[in-house]
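See structure below.
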Amino acid sequence: MKKSLINKIIVLSVLIVVVLALDLVTKYVFDGMYAEGTGVSLGIFNLIIVHNHGAAWGIFSGNQVGLVILSLVFLAIFIWFYVKDKNKSWLLTITFAFLCAGCIGNLYDRLVFGYVRDFIQFAFWQSFPVFNFADVFLTVGVVMFIIYLLIYAFKKEKKPAVVDTVGKIVIEEQLDKDEEDDEIRKQVIKNNEFKKHNNIEEDKTDDKNE
């Protein structure tokens, strides 16, 4: 295994552990400090405890089995995509870590409690869903993944042009080599004919002398 790949796997593992720990510890602390629906204001943010039995904005509320299955499907897709990718760039590695940690953080809540513990609210935008650190890293991960796909698509579009150029150079080099070989063959033939002609002339001269 290449050293660069080992380093990426180490960073990936550390990021998943750190993000997951940040999410679960903050959920545990704040959910233990305040009752549901209560909290405290911290400037632009409010810390308010909400037990979300659905997804964002309460959609799919009460359908925990479906949300768990959906989380597992997304987690499997993340893992499959990362394992399948041959290059495993740093961008994809960090993206994968954020997506996996965020997904596992909320999946843990759904499996253990039957709901997700949310506690962060925008004070200036209270209609926006209350969220947690798992949601934050999931959102950042999705944005990074979109950026990765755009970069990948751009490189894929550019690749045929590069291949064509390289192919053209290779063909031109091959043609030049073939022309050189033809010239060499022609020169060899001329030399052989010249030698043969000279030998004949020498033989005729020798015959006359005799």
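Couple of notes before you dig in:
- Scanning region 128-152 for residues that are without any contact (Cβ under 8 Å) to a residue 40 or more places away in the chain, surrounded by 14 or more Cβ atoms within 10 Å (Cβ to Cβ) and either more than 26 Å from I44 (Cβ to Cβ) or more than 28 Å from the chain's Cα centre (by Cα) (or both) returns a single hit, Y152.
Per-residue answers, yes or no, for (1) in a helix (DSSP H, G or I); (2) within 32 Å of the chain's Cα centre (by Cα); (3) among the hydrophobic types (A, V, I, L, M, F, W, C):
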{"position": "V18", "(1), (2), (3)": "yes, yes, yes"}
{"position": "V40", "(1), (2), (3)": "no, no, yes"}
{"position": "G66", "(1), (2), (3)": "yes, yes, no"}
{"position": "L72", "(1), (2), (3)": "yes, yes, yes"}
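- If you check D31, D23 for being on the phi < 0 side of the Ramachandran plot and touching a strand residue (DSSP E or B) at 6+ places or on another chain (Cβ under 6 Å), only one passes: D31.
- Checking each residue in region 106-127 for being open to solvent by less than 60 Å² (accessible area, probe 1.4 Å) and touching a helix residue (DSSP H, G or I) at 6+ places or on another chain (Cβ under 9 Å) picks out N106, L107, D109, R110, G114, Y115, V116, R117, D118, F119, I120.
- Criterion applied to D109, D118 was being among the acidic types (D, E) and outside any strand (DSSP E or B), and the one residue passing it is D109.
- Where N209 falls short, out of the listed (1) surrounded by 12 or more Cβ atoms within 10 Å (Cβ to Cβ); (2) polar (S, T, N, Q); (3) modelled with pLDDT under 85: (1)
- The residues of region 92-105 that are surrounded by fewer than 24 Cβ atoms within 10 Å (Cβ to Cβ), hydrophobic (A, V, I, L, M, F, W, C) and farther than 21 Å from Y28 by Cβ, listed by number, are L92, I94.
The values are calculated or read from the model by the stated rules, or taken from the named source; none is laboratory data. Model, not experiment: these values are computed from the prediction. Here the Cβ is made from the backbone with ideal geometry for all residues, glycine too, and neighbour counts use every protein chain on show. The accessibility values were calculated without ligands, DNA or RNA, using every heavy atom of the protein model including side chains. Shrake-Rupley method; radii C 1.70, N 1.55, O 1.52, S 1.80 Å.
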